[in-house]
Amino acid sequence: MSQEAQHSLLNRADEACSIIKEHINKDHIVRVISHNDSDGLSAAGVMCNAISKQGGKFHVTIIPRLKEEFVQKLRSERYKLFVFCDMGSAYPDLIAKLKGNSVICDHHQIHGDDGEKYENLVHVNPHLFGMDGTRDVSGSGVSYISVKGMDNTDLSGLALVGAFGDMQCNDEIQGVNKMILDEGMKAGIIEEHESLKIAYKEEPIYKALSYSFNPALKGISGDPEGAKAFLEEHGLSYGIKLEDFAPEEKDLLKEELIKINPKVFDKIYSIPREAPQLRDIEDYSRILDACGKNKKYSTGVSICIGEREEALDEGIKLAQKYRDSLVKGIDWINKEGSIQLDNIQYIYTEDKEKKRLMGTISSIGIELEILDPNKPVIAISKMHDIIKISGRTTMPMIQKGVDLSYALGEAAKSFNGSGGGHTIAAGAVVPFKDKDNFLDIVDEIVGTQIN
Ligand SMILES: [Mn+2]
């Protein structure tokens with residue numbers, strides 16, 4: 001990404017900032033619409049914090065997906081400024097028809113209308129300037145640069161929470177994300193240190209290890225008994241917390257974990273002035289993610305705008321619940337495995353708790369090699385008379401030619417269903433009665449893709 005592209009994006013964001021400021025100064029309530037995942041919630045958080053800091057008011061709504069009907073409904077609202085975070089780039093034309101001004105702070109691909117011709121709309125999106133919206137900046141980052149002109153460096157940590165939520169920081173942090181990180185570190189808002197990437201460090205170590213999925217630890221992640229056995233094998237107590245280990249025990253643990261996955265010792269980013277449970281940016285993002293997945297949107301937004309009592313407690317409980325279901329799900333595929341076709345494998349559930357996690361369970365299953373990484377995983381959840389499908393595979397399989405977006409999309413078409421997504425992760429919906437035929441077609445398409 002060139003400096004020039006970033007410069008143009010920041011200029012566009014400054015335009016958005018002036019409009020937002022102007023409306024706050026006129027005492028207009030800002031109508032904020034954002035997405036329900038951890039990026040969308042932190043994007044809303046950045047925007048709403050910035051508005052209140054200026055003495056302004058906002059009305060925020062969190063939704064799972066921006067649909068045409070929703071934008072149509074907004075047309076009857078009398079707000080003078082609408083701000084769309086982590087969404088909106090799909091409908092600049094419809095958004096431009098809203099009364100008053102609109103700002104779109106999105107980082108998703110733009111198809112069709114780029115929204116440049118509407119005078120009442122400021123469209124901030126890295127793709128407009130040839131930047132990579134999947135790696136360079138997230139929705140919370142675009143929101144951050146769009147309020148940066150109002151002196152909001154203190155929100156830089158929250159701006160990166162969304163980038164972690166959208167998995168933009170698993171490797172090198174780049175582009176606008178890097179700029180936000182540097183700004184935050186310079187201002188003392190964000191700290192960087194090298195550490196063991198173990199989740200839930202306040203739990204006994206064997207539990208904490210079994211709750212650690214990023215990176216995945218073979219034989220340990222999702223497997224409390226496996227974690228116990230691993231610790232015992234190296235003469236380490238499993239019932240105490242990591243912080244209670246003697247320095248040489250910590251070193252031994254680090255050494256042995258690195259043998260399993262070198263990525264387990266890596267840079268950790270934290271917001272030192274945050275509550276302990278939110279301090280690690282990845283923990284923060286996990287809590288917001290759990291709020292979103294449980295449809296507790298107001299809890300998520302409340303946490304982002306600084307509520308630290310009930311909302312945070314609830315967020316922590318939801319994250320714990322989610323983590324426990326995930327461990328159960330991993331245990332399930334550990335015991336049951338997947339059903340094999342020639343070129344794909346599938347897992348199937350009718351269980352309510354598992355249904356929400358099928359995609360995640362598939363990804364982790366592949367990483368832990370509980371599921372064969374050389375065959376795409378098709379995860380199927382039965383909902384009444386339809387099935388919801390998530391497909392997951394690996395980079396090496398993509399390089400061999402696999403494209404799950406095409407495979408699921410094409411196969412779904414044969415049954416009047418719909419599907420699409422990315423080459424590496426895609427989804428589809430088809431009638432339940434066509435399940436087996438659908439799987440056969442996906443199997444066949446993937447077979448053709450590989451050969
Ligand atoms: Mn996003």
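Numbers at a glance
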read-out	value
Check on M150, modelled with pLDDT under 95, away from the ligand (no atom under 11 Å from the Cβ), surrounded by fewer than 24 Cβ atoms within 10 Å (Cβ to Cβ) and of a type in the set (A, V, I, L, M, F, W, C)	no
Residues being on the phi > 0 side of the Ramachandran plot and either β-branched (V, I, T) or modelled with pLDDT under 95 (or both) - total across the range 153-177	1
Test: residue in the range 178-200 that is within 19 Å of S140 (Cα to Cα), within 16 Å of the ligand (Cβ to nearest atom), surrounded by 18 or more Cβ atoms within 10 Å (Cβ to Cβ) and modelled with pLDDT of 95 or more	yes
Count of the range 1-44 residues which are over 21 Å from L81 (Cβ atoms) and within 22 Å of the chain's Cα centre (by Cα)	4
Residue that is farthest from Y91 (Cα to Cα) [pool: residues in the range 105-127 that are among the β-branched types (V, I, T) and within 16 Å of the ligand (Cβ to nearest atom)]	V124
Residue match in the range 166-173 (condition: within 16 Å of the ligand (Cβ to nearest atom) and either of a type in the set (D, E, K, R) or in contact with a Pro (Cβ under 7 Å, 6 or more places away or on another chain) (or both))	yes
For G112: the one exception among (1) at pLDDT below 95; (2) under 25 Å from D154 (Cβ atoms)	(2)
Which listed residue is modelled with pLDDT of 95 or more, under 21 Å from C304 (Cβ atoms), out of contact with any strand residue (DSSP E or B) (no Cβ under 6 Å at 6 or more places or on another chain) and hydrophobic (A, V, I, L, M, F, W, C), from I104, I63	I63
Helices (runs of 4 or more DSSP H) lying entirely in the range 380-451 (those with 1 or more residues that are assigned by TED's automatic domain parsing to the domain that holds K354, closer than 19 Å to Y348 by Cβ and over 23 Å from the mean Cα position of the chain (by Cα))	404-413, 435-450
Pair list, Cβ < 8 Å and 6+ apart or interchain, from the range 46-68 residues that are touching a residue at least 24 places away in the same chain (Cβ under 8 Å) to residues that are charged (D, E, K, R) and in a helix (DSSP H, G or I)	Q54/K21
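Okay, residues lined up against (1) surrounded by 19 or more Cβ atoms within 10 Å (Cβ to Cβ); (2) within 16 Å of F213 (Cβ to Cβ):
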position	(1), (2)
P272	no, no
L278	yes, no
C291	yes, no
K295	no, no
R308	no, no
D313	no, no
A319	yes, yes
I330	yes, yes
G337	no, no
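The values are calculated or read from the model by the stated rules, or taken from the named source; none is laboratory data. Since this is a predicted model, take the numbers as computed values, not measurements. Don't worry about glycine lacking a Cβ; one is built from the backbone with ideal geometry, like all the others, and counts go over all protein chains shown.
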